[in-house]
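Visitor: Pasting in a structure now, in structure tokens, and then I'll have a few things to ask.
The values are calculated or read from the model by the stated rules, or taken from the named source; none is laboratory data. Here the structure is a predicted model, which is why all the values come from computation and not from measurement. Don't worry about glycine lacking a Cβ; one is built from the backbone with ideal geometry, like all the others, and counts go over all protein chains shown.
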Amino acid sequence: MWENMEKEIDALRNEASAFMRSQVLLVANQYDLFTRIEGRRLKASEISDILGTDGRATRMLLDALCGMNYLEKHNGRYRNSEVSSKLLVASSPHYQGDSLRHRYRLWSSWSALRNVVKTGVPPEEPHGEEVVAEKERTRDYILAMENIGRISADRLAENIDLTDVQLLLDLGGGPGTYAVAFARQYPGLRAVVYDLPEVCPITEEQIAQEGFTDRVTTKAGDFLVDELGSGYDMIFVSNVLHMYSLVEIRHILSKCFHALNPDGRIAVKDFFLNEDRSGPLFSQLFAVNMLLRTRAGDTYTFGQIEGALTEAGLRRLRREKCTEESWLIFGEKERGCS
Ligand SMILES: C[S@@+](CC[C@H](N)C(=O)[O-])C[C@H]1O[C@@H](n2cnc3c(N)ncnc32)[C@H](O)[C@@H]1O
């Protein structure tokens, strides 16, 4: 019995202290530590010189990173572990540092959780000096979406059948990762990435980097109020609906329905909850993230989104698992509906 109790207490303590590990990793990433020491074996004092940080504090941070297997230490010298070289060095094709930078920024919203639970009101947008960094925050956010979506976009492009799609709208497409992956897989496909005016220049950079400016373009606007355009064979809505209320989602989906060609299709990719909201945990935690980061966002149940799609006029709905955490819901516009 005691042994079991000890295990339970350990698990509880680990859960309650998980923020320590997060902060050590996120701070190291904020200093670009892994990129700056890549390929070298350095003493703590040499690393603190490179980073411009305090010697004693840096040594403690480096040791903790060794315990977490992001660094290795031999004869008092530190170097990147294999996983850090692969995921945390900016020149690596698998780089996740932008995603970590975005998570570092989430920290301040999450620190407000206690108050938000009391008031139901998310923390205010940053004021003063922080506003200067607004552009940088948008950039981190959009590049984080690229880091997160890179593998799942390529995998989805291989598995989704878009042979009959000539024009695809990637609604709230952010970095355009999915639009580019679809265009790469389907040479006859053209795509429009629709996003806010401040995001589109970043999207365009990403599209150019991938060499797809001839077939993937951007359209700047606010999809709640502006036109979406028309003539789309497919509208792809990935990780967008959770930012909005159900009323707004119905409005967005209705606009999508009208922007589709007859016979057009919609694919909603998102995190979903069971009908009684009892799981999965990732989706439940994501709902808390939306509580903190948006005015009215949430994680929705399959039934809620399928209901909204049906109300918008879409038929023959079907679900497909997409990644460990996300699902796709497909819906069709039947010929004769407008
Ligand atoms: C979580 S990101 C998802 C990006 C991309 N679809 C993906 O799955 O990687 C949500 C995107 O929706 C865009 N967005 C949110 N509200 C919007 C609006 N009202 N009009 C246009 N774009 C919007 C954001 O700027 C952001 O790029």
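Visitor: I'm told Val268 meets every condition in (1) in a strand (DSSP E or B); (2) away from the ligand (no atom under 15 Å from the Cβ) except one. Can you identify the failing condition by its number?
Guide: The single condition Val268 does not satisfy is (2).
Visitor: Got a sec? Which of Ala133, Ala153, Ala64 is surrounded by fewer than 19 Cβ atoms within 10 Å (Cβ to Cβ), modelled with pLDDT of 95 or more and out of contact with any Asp or Glu (no Cβ under 6 Å at 6 or more places or on another chain)?
Guide: Numbers: Ala133 fails: modelled with pLDDT of 95 or more; Ala153 fails: surrounded by fewer than 19 Cβ atoms within 10 Å (Cβ to Cβ).
Being surrounded by fewer than 19 Cβ atoms within 10 Å (Cβ to Cβ), modelled with pLDDT of 95 or more and out of contact with any Asp or Glu (no Cβ under 6 Å at 6 or more places or on another chain) holds for just one of Ala133, Ala153, Ala64, which is Ala64.
Visitor: Evaluate the range 247-258: report whether one residue or more is away from the ligand (no atom under 16 Å from the Cβ), farther than 22 Å from Thr163 by Cβ and at pLDDT 95 or above.
Guide: Just the residues of the range 247-258 that are away from the ligand (no atom under 16 Å from the Cβ), to begin with: 257-258.
Now restrict to residues that are farther than 22 Å from Thr163 by Cβ: 257-258.
With the extra rule that they be at pLDDT 95 or above, the set shrinks to 257-258.
Within the range 247-258 (the criterion being away from the ligand (no atom under 16 Å from the Cβ), farther than 22 Å from Thr163 by Cβ and at pLDDT 95 or above), the answer is yes, since at least one residue qualifies.
Visitor: Additional query: Looking at Val193, Val237, Val180, which one is hydrophobic (A, V, I, L, M, F, W, C), crowded, with 18+ Cβ neighbours inside 10 Å, assigned to a helix (DSSP H, G or I) and within 12 Å of the ligand (Cβ to nearest atom)? Steps first, answer last, please.
Guide: Values: Val193 fails: assigned to a helix (DSSP H, G or I); Val237 fails: assigned to a helix (DSSP H, G or I).
Result of the check over Val193, Val237, Val180: Val180.
Visitor: Quick check: anything in the range 130-146 part of a loop (DSSP other than H, G, I, E, B), out of contact with any helix residue (DSSP H, G or I) (no Cβ under 9 Å at 6 or more places or on another chain) and on the phi > 0 side of the Ramachandran plot?
Guide: As a first pass, look at the range 130-146 and keep what is part of a loop (DSSP other than H, G, I, E, B): 133.
Those still in the list that are out of contact with any helix residue (DSSP H, G or I) (no Cβ under 9 Å at 6 or more places or on another chain) too: 133.
From the residues that got through so far, the ones that are on the phi > 0 side of the Ramachandran plot too are none.
No, that holds for no residue.
Visitor: Which members of the range 196-207 meet the condition of being among the aliphatic types (A, V, I, L, M) and outside any helix (DSSP H, G or I)?
Guide: Taking the range 196-207 first, the residues among the aliphatic types (A, V, I, L, M) are 196, 199, 202, 207.
Of everything in the range 196-207, those that are among the aliphatic types (A, V, I, L, M) and outside any helix (DSSP H, G or I) turn out to be Leu196, Val199.
Visitor: Additional query: Condition check: buried (at least 22 other Cβ atoms within 10 Å of the Cβ), in contact with an Asp or Glu (Cβ under 9 Å, 6 or more places away or on another chain) and in contact (Cβ under 8 Å) with a residue 60 or more places away in the chain. Does Asp164 satisfy that?
Guide: On the way: buried (at least 22 other Cβ atoms within 10 Å of the Cβ): no; in contact with an Asp or Glu (Cβ under 9 Å, 6 or more places away or on another chain): yes; in contact (Cβ under 8 Å) with a residue 60 or more places away in the chain: yes.
Here the answer is no, as Asp164 does not meet what is asked.
Visitor: With the condition kept exactly as written, say whether any residue in the range 157-164 is assigned to a helix (DSSP H, G or I), charged (D, E, K, R) and either more than 8 Å from the ligand (Cβ to nearest atom) or on the phi > 0 side of the Ramachandran plot (or both). Before you say what the answer is, go through the steps one by one.
Guide: Of all residues in the range 157-164, those assigned to a helix (DSSP H, G or I) come to 157-159.
Restricting the remaining residues to those that are charged (D, E, K, R) gives 158.
When the remaining residues are screened for being either more than 8 Å from the ligand (Cβ to nearest atom) or on the phi > 0 side of the Ramachandran plot (or both), the result is 158.
Yes, there is a match, as at least one residue in the range 157-164 is assigned to a helix (DSSP H, G or I), charged (D, E, K, R) and either more than 8 Å from the ligand (Cβ to nearest atom) or on the phi > 0 side of the Ramachandran plot (or both).
Visitor: Same structure again: Give me the pairs: first residue in the range 69-92 and assigned by TED's automatic domain parsing to the domain that holds Thr58, second residue at pLDDT below 95 and outside any strand (DSSP E or B), beta-carbon distance under 9 Å, and six or more apart or on different chains, which are they?
Guide: Between residues of the range 69-92 that are assigned by TED's automatic domain parsing to the domain that holds Thr58 and residues that are at pLDDT below 95 and outside any strand (DSSP E or B), there is no close pair.
Visitor: For Ile148, are the conditions met, namely being closer than 24 Å to Thr218 by Cα, out of contact with any Pro (no Cβ under 9 Å at 6 or more places or on another chain) and not small (Gly, Ala, Ser)?
Guide: Numbers: closer than 24 Å to Thr218 by Cα: yes; out of contact with any Pro (no Cβ under 9 Å at 6 or more places or on another chain): yes; not small (Gly, Ala, Ser): yes.
Spelling it out, Ile148 is indeed closer than 24 Å to Thr218 by Cα, out of contact with any Pro (no Cβ under 9 Å at 6 or more places or on another chain) and not small (Gly, Ala, Ser).
Visitor: Of all the residues that make up the range 305-325, how many are surrounded by 16 or more Cβ atoms within 10 Å (Cβ to Cβ) and either within 15 Å of the chain's Cα centre (by Cα) or more than 27 Å from Gly336 (Cβ to Cβ) (or both)?
Guide: Qualifying residue count, the range 305-325: 1.
Visitor: Hey, among the residues in the range 167-177 that are surrounded by 21 or more Cβ atoms within 10 Å (Cβ to Cβ) and more than 9 Å from the ligand (Cβ to nearest atom), which one's nearest to Arg103 (Cα to Cα)?
Guide: Leu169
Visitor: To continue, here is another question. Would you be able to tell me the number of residues in the range 208-231 that are outside any loop (DSSP other than H, G, I, E, B), more than 13 Å from the ligand (Cβ to nearest atom), surrounded by 16 or more Cβ atoms within 10 Å (Cβ to Cβ) and not acidic (Asp, Glu)? I'd like the intermediate steps shown before the answer.
Guide: So in the range 208-231, the residues outside any loop (DSSP other than H, G, I, E, B) come out as 208-210, 216-220.
From what is left, the residues that are more than 13 Å from the ligand (Cβ to nearest atom) are 208-210, 216-217.
Filter again for surrounded by 16 or more Cβ atoms within 10 Å (Cβ to Cβ), leaving 210, 216-217.
With the extra rule that they be not acidic (Asp, Glu), the set shrinks to 216-217.
Of the residues in that region, 2 qualify.
Visitor: Also: What tally of residues in the range 205-226 results from selecting those that are without any contact (Cβ under 8 Å) to a residue 24 or more places away in the chain and not β-branched (Val, Ile, Thr)? Steps first, answer last, please.
Guide: Taking the range 205-226 first, the residues without any contact (Cβ under 8 Å) to a residue 24 or more places away in the chain are 205, 208-209, 211, 213-214, 225-226.
Still in the list and also not β-branched (Val, Ile, Thr): 205, 208-209, 211, 214, 226.
Count: 6.
Visitor: Please tell me if Asn261 is in contact (Cβ under 8 Å) with a residue 24 or more places away in the chain, touching an Asp or Glu at 6+ places or on another chain (Cβ under 7 Å) and surrounded by 15 or more Cβ atoms within 10 Å (Cβ to Cβ). I'd like the intermediate steps shown before the answer.
Guide: On the way: in contact (Cβ under 8 Å) with a residue 24 or more places away in the chain: yes; touching an Asp or Glu at 6+ places or on another chain (Cβ under 7 Å): yes; surrounded by 15 or more Cβ atoms within 10 Å (Cβ to Cβ): yes.
So Asn261 passes the test.
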